[in-house]
Structures are given as C-alpha cells and as structure tokens.
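I have placed the structure first, in the form of structure tokens, so that the comments after it can refer back to it.
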Amino acid sequence: MEQKSAFKKYLIFAVKILIAVGIIAFLLRDPKEIIDCFRTFDCRYLVPAMFFYSLHIFFCAWRWRKLARLLGLRLKPFEAVSLTFQGNLFSLVIPGGAIGGDVVKMAAVTRRSASGSKAEGAFTVLMDRIVGMIALFVLELAILGPAVPLLMNVSVPEVDLDPGAKKLGILLLALLAVAGLAASCVIFFHRSIEKISLFGSLMRRADKTTHGMVSRLTAATDVYSASWRQLALLTLGSIFCVHIMTVVPMFFLLSGLHVEYGYFDVIVAVTIGNILGLIPFCPGGLGIRDAAAVTLLAAAGVAAADAKAAQLIYTGIILFFSFGGAVFLILDPQRALDTGTPEAPERGGTRE
C-alpha cells in the first residue's frame, strides 16, 4: 500500500511537470520573435533583477527567525537562510509544491530542536507561511479594485472571453483572497472554536492521543496572538519586502528589453501570477504563473513577445535561486537549534 501511495504521488507530480512544460511550450510556440527579444536584452539588467529577487528570500529567513524568537527558539542566521533556500528547492522538486517545501523545513527544524520544543519549532514554519499568505491576500485585495480596467482588457488567443466571464473571474479572485484570509486567520480563534462542543471534544481527544501536543500548539498560538503588533508589522513588511520585492525584478527585465510599462500594471501582473501559481496544478507554480503574468502584461499593452521573453527570464531567475538551495543542502552542517538557556518567549503585545 505504501509503494502504491508513493507511486501515485510521483505519478501526479510527473503530470504536474508535464502541465508546466506544456504551458511554457505553448508560450514558446512562436519562438522567432521571442529569440529576437532575447538578442536585444541588455544583460546588465540581470544584476539588479537577481539582487532584488534575492532580497525577498533573505527577508523570509529573517521573518522566520523573528517568529521563532517569539516562542523562545533561536535560529542562527545561517540556519534560517539555509532552510529557507532548501524549502524553496524542495517546493520545486518534490510532490506537494509549496506545502512540500514547508514539510521539509518542519522536519529539519524538528530534527534540530531540543527535546520539549520540537512541536513549537515545526509550528514556527506554519506561522511563517500564514503571515506570508495574509500579506499576499491583503496586497491582492488592495490592488484588485484599481486593477479592474486592466483585468477587463484581458484577452486569450482563440478563447472568446465576454465581459461577464471577465467579471466572474475578477469576483473569483476577490473570493479567493477573502477565503485565503479567513483560512489563514482562523487559527487565532481556536479558543472560540474550542467552545463548540464537537470541536472541543475532538481537540481534547487529539491532545490526549498526542500526549499534550495540541495544548502546546494552542499555547504557542496564544503567544502569537498576544504578540499581534509584531505579527502586524511582519505582515506589513512582507507586503513590501517579499511580495513587492518579487515584482521589482520584472521592472528591470522589461527595462532591459527596452519596453515601456506602467509600474502598477506590472505589480498587478506579477502579483496575480503569484497568486494563481499557488494553485497546485504545477510544481512551484511554474507554467500557471508564466501564463497569467504574460496575459496581464499583454493586456497592459506590452508586446506579447516582450512579455514572454521577460517572464521566461524571470522564471530562469526563480529556478536559479530555487536550485541554489542544493548548495545549502550540501553546506548545511545540520546543527541543532541554539536553544541556550531556557528563556521566556518575547512578547510583542499584551494578552487580552
């Protein structure tokens, strides 16, 4: 049964790779114009594009360290950066996508954590993902209203999109953001959920089965809830230093192609591409992210060949940094977390 389950996972993963390759191949169906764009590209713009893309990875590592410190766990800077890069690598190359990368990070941080803090160590990875997702969906809702004219201008080759279908698509994007925010924030209301007899009973039973793990995780959640000011600042920082920072490289790539563009249009194209890339149809969002960004850049007036060339270079940057995680996988000494002398968790707010 285990072999059958493993075979099924890898078969699904192979299908996802084929879908991603198929989408990218579709974008490359007219290669001559794209190759001409590559020839005109000023490679000097790759330097700032790669620099700014790397910044969001280092901010994610710093954010994770801050979240771990709130629970009294001390991740060394190298450990945080290494495991963040490794998580990006495994998000791309193992079944499960972004969640698969988080599982690997959880396993690594649990293995390094001292006895008695393993569950909390893994929980910091989940909280890091929650903060990042909240920031992404808040950004989406902030830009969605002003982006309506651009989204209504979207056209897909050989597909007849009437205004009603476009409005439905915009509504679905809004609902996706609202649902994502609700799912991300529900964990902070666990005390209210416990008061519902059915859920309370299930949580108590799970707590007994896991020898108190549920109680430890809910206590960790209470620490984060009490530190809501710090969580709010980390979320705000993530909007600009993570999600906007993934947009900045596209500014430089389009400039390197000598393309005129609107800053807001590019923010919309890359952000919505990142959101649709969360749909687990392709590994690491490859393919879906590319198609969405190219379509929206074209709707903003960027020539299709230029949009495809810029996005393909951008995907190359993503792959470069993702596979860069292999370097950290080799260099990482697999040390235990530095828990030092037991200390009280940092508090960024008062318990209410």
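For residue 147, neighbours were defined as the other residues whose beta-carbon sits under 15 Å from its Cβ, and their charges (Lys and Arg +1, Asp and Glu -1) total 0. With the highest mean first, a sort of the peptides 300-309, 232-241 on other beta-carbon atoms found within 10 angstrom per residue produces 300-309, 232-241.
Would you mind getting me the FRET efficiency between residue 201 and residue 158? Use the beta-carbon distance for r and R0 = 51 Å, nearest 0.05. So the FRET efficiency works out to roughly 0.40. Residue 32: which lysines have alpha carbons under 26 Å from its alpha carbon, excluding same-chain residues fewer than 8 sequence positions away? Here the lysines satisfying the reach criterion relative to residue 32 are 308.
Sorting 136-148, 173-185, 154-166 by their mean Cβ neighbour count within 10 Å, with the most densely packed peptide first, gives 136-148, 173-185, 154-166.
Under the combined filter of DSSP loop state and at most 11 neighbouring Cβ atoms within 10 Å, region 190-242 retains these trypsin sites (Lys or Arg not before Pro): 195. Residues of region 285-323 falling in the label zone of residue 36, defined by backbone nitrogen less than 14 Å from a point 7 Å along Cα to beta-carbon, are 303-307, 309.
Between residue 188 and residue 168, the modelled label-to-label distance comes to 3.5 nm, taking each label 7 Å out from Cα in the direction of the beta carbon. Its DSSP H runs of at least 4 residues, each contributing -39,500 (n - 2.57), put the calculated 222 nm mean residue ellipticity of the chain at -23500 deg cm²/dmol, to the nearest 500.
Amide H contacts of residue 74 (H built 1.01 Å from N, in plane; Pro and chain starts excluded): 338 sit under 5 Å, all sequence-distant by 5 or more or on other chains.
Every number here is computed from the coordinates shown, using simple stated rules; none is lab data. These numbers come from a predicted model, not from an experiment. Neighbour counts run over all protein chains shown; Cβ positions are idealised from the backbone, glycine included.
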